[in-house]
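Take a look at the structure set out below.
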Amino acid sequence: MTTSSHNEPPKTPAGLSRRGFLALTGAAVAGAGVATAGLSLANSAGIIQGGANTDLERLEYAFHDAKLQSGIITPAQEQMFFAAFDLLEGTTRTDLIELLKDWSYAANRLMMGIPVAAGGAFDGDPLSPPADTGEAADHGPYGLTLTFGFGRSLFEDESGTDRFGLRSQLPPSFVSLPKMINDFIQPAISNGDLCVQACANDPQVAIHAIRNLTRIAFGRASIRWSQIGFGRTSSTSKSQSTPRNLFGQKDGTNNLKAEEPEKLAQHVWIDEGPAWARGGSYLIARKISMTIEVWDGVRLEEQDRVLGRAKGSGAPLSGGEEFTQPDFHKKGADGKVLIDERSHVARTHPDNNKGIAMLRRGYNFVDGNDEHGRLDAGLFFIAYVKDPQRFAQVHKNMARDDMFIEYLKTRSSSVFIVPPGVKEGQYVGQALFEA
């Protein structure tokens with residue numbers, strides 16, 4: 001590829017704003033650091049290119065979709081990098097729209113497994129920083145999905161200021177979650193104006209995506225907080241087996257699945273409020289520390305009692321196999337119910353929460369160790385619901401006296417609204433700004 005002369009400004013790729021391109025190439029702010037913060041099954045979930053036998057490296061999902069963003073009902077990948085961004089002081093509505101256009105352009109390329117912009121990591125102007133950071137140059141798409149969301153502060157910040165003229169489009173249901181038992185929320189790692197959920201089957205691909213989207217945002221937005229996760233803790237497709245969390249338990253047995261459109265419509269997709277949001281969903285993100293060492297010292301029968309399921313098979317203690325519906329009234333020979341009413345499965349099951357269900361998409365995390373040498377580890381909980389208060393109702397029931405709470409500590413809590421899919425030629429959330 002012919003490189004551009006250092007006497008002429010490099011050409012901006014079609015679809016990427018001049019400002020976004022300059023942020024990538026460093027022509028505007030050479031040497032600026034970028035925070036990395038650590039290391040469908042149907043068309044509506046993104047088409048798998050190449051058929052069912054495509055290997056993981058070549059697995060590709062479509063960014064453009066008229067209905068849904070990818071990364072919600074897409075079969076859950078094994079790696080995740082989640083980042084929340086705050087818009088910088090002085091950023092205008094025009095700047096915000098330009099950023100979302102730039103991110104949409106870049107996301108489409110990243111999900112195809114190609115460099116974030118023309119020229120890539122190796123073939124651009126040799127006298128300018130590369131347009132792409134290059135660490136994923138030898139990788140395929142690996143099933144990368146990028147899911148974008150808006151925080152409540154985008155519509156109205158804590159001071160009540162409508163920075164971008166969006167307050168009139170704030171959905172009535174978009175409220176913060178109430179404080180719950182065992183919540184030790186750290187504001188610095190909660191909420192944000194924007195969020196990006198990057199999921200892939202290779203960690204470097206997910207990290208590369210967030211890293212380059214962060215570069216593009218330079219001068220307009222910066223990372224507020226981020227979290228790397230590994231080992232999915234739920235299945236979003238019936239084709240996937242049930243994974244295990246860091247307590248060794250099968251997690252998400254009763255999770256909603258992509259093959260259940262009626263249940264998804266009932267529990268996940270927004271069907272009220274402003275037109276721009278309908279068909280989208282609310283994303284709940286909570287960082288939950290798990291007392292690993294304490295749990296490891298609990299006898300097996302007690303671990304089963306706390307969960308309400310057999311640790312090995314995942315079957316409910318009332319009998320059957322993993323996917324057998326729990327019987328919360330069945331009693332044993334001693335006359336006591338087999339599933340303790342304070343067990344986790346009893347407290348969170350839809351039967352005991354007015355039928356409320358959610359689509360879980362969480363990941364394990366290990367952030368090293370704490371000052372006492374204990375693992376700083378747990379669950380980065382992600383769930384999609386049609387109304388945040390539906391999640392709050394289930395969690396309130398759980399927090400009341402769920403025995404599992406003794407081993408958990410929630411450190412961050414965030415709510416974002418994920419707009420519907422991005423049509424070809426449009427950008428994320430375009431309907432919001434045209435309302």
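Contact map, the stretch 366-379: first residue closer than 16 Å to residue 408 by Cα and of a type in the set (Ser, Thr, Tyr), second residue open to solvent by 100 Å² or more (accessible area, probe 1.4 Å) and modelled with pLDDT of 95 or more, Cβ cut-off under 7 Å, separation 6 or more or different chains; the map is empty.
Scanning the stretch 321-340 for residues that are loosely packed, with under 13 Cβ neighbours inside 10 Å and within 32 Å of the chain's Cα centre (by Cα), we see that the one that is farthest from residue 392 (Cα to Cα) is 321. Which members of the stretch 167-193 meet the condition of being open to solvent by 40 Å² or more (accessible area, probe 1.4 Å) and outside any helix (DSSP H, G or I)? Listed by number, the residues that qualify are 172, 175, 176, 178, 179, 181, 182, 184, 185, 186, 191. Looking only at residues in the stretch 124-152 that are among the β-branched types (Val, Ile, Thr) and open to solvent by less than 20 Å² (accessible area, probe 1.4 Å), the one that is farthest from the chain's Cα centre (by Cα) is 145. Against the numbered list (1) touching a helix residue (DSSP H, G or I) at 6+ places or on another chain (Cβ under 9 Å); (2) open to solvent by less than 50 Å² (accessible area, probe 1.4 Å), residue 121 comes up short only at (1).
The single condition among (1) buried (at least 21 other Cβ atoms within 10 Å of the Cβ); (2) under 18 Å from the mean Cα position of the chain (by Cα) that residue 249 does not meet is (2). Quick check, is residue 423 open to solvent by 40 Å² or more (accessible area, probe 1.4 Å), at pLDDT 95 or above and more than 24 Å from residue 237 (Cβ to Cβ)? Spelling it out, residue 423 is indeed open to solvent by 40 Å² or more (accessible area, probe 1.4 Å), at pLDDT 95 or above and more than 24 Å from residue 237 (Cβ to Cβ).
Just one of the numbered conditions (1) in a strand (DSSP E or B); (2) open to solvent by less than 60 Å² (accessible area, probe 1.4 Å) is not true of residue 409: (2). Would a scan of the stretch 310-320 turn up a residue that is at positive phi and crowded, with 18+ Cβ neighbours inside 10 Å? Checked the stretch 310-320: at least one residue is at positive phi and crowded, with 18+ Cβ neighbours inside 10 Å.
Does residue 285 count as of a type in the set (A, V, I, L, M, F, W, C), surrounded by 23 or more Cβ atoms within 10 Å (Cβ to Cβ), at pLDDT 95 or above and farther than 30 Å from residue 23 by Cβ? In short, no.
How many residues does the stretch 201-229 hold that are of a type in the set (A, V, I, L, M), within 18 Å of residue 190 (Cα to Cα) and either open to solvent by 10 Å² or more (accessible area, probe 1.4 Å) or assigned to a strand (DSSP E or B) (or both)?
Of the residues in that region, 3 qualify.
Which one is farthest from residue 268 (Cα to Cα), of the residues in the stretch 360-389 that are in a strand (DSSP E or B) and among the polar types (S, T, N, Q)? Residue satisfying both the conditions and the ranking: 369. For the stretch 345-359, the candidate set comprises residues that are part of a helix (DSSP H, G or I) and out of contact with any Ser or Thr (no Cβ under 9 Å at 6 or more places or on another chain); within that set, the residue that is farthest from residue 395 (Cα to Cα) is 351.
The values are calculated or read from the model by the stated rules, or taken from the named source; none is laboratory data. Everything numeric here is computed off the predicted structure, so don't read it as measured data. Backbone-built Cβ (ideal geometry, glycine too); neighbour counts: all protein chains shown. Surface accessibility is based on the protein's heavy atoms, side chains included, excluding ligands, DNA and RNA. Shrake-Rupley method; radii C 1.70, N 1.55, O 1.52, S 1.80 Å.
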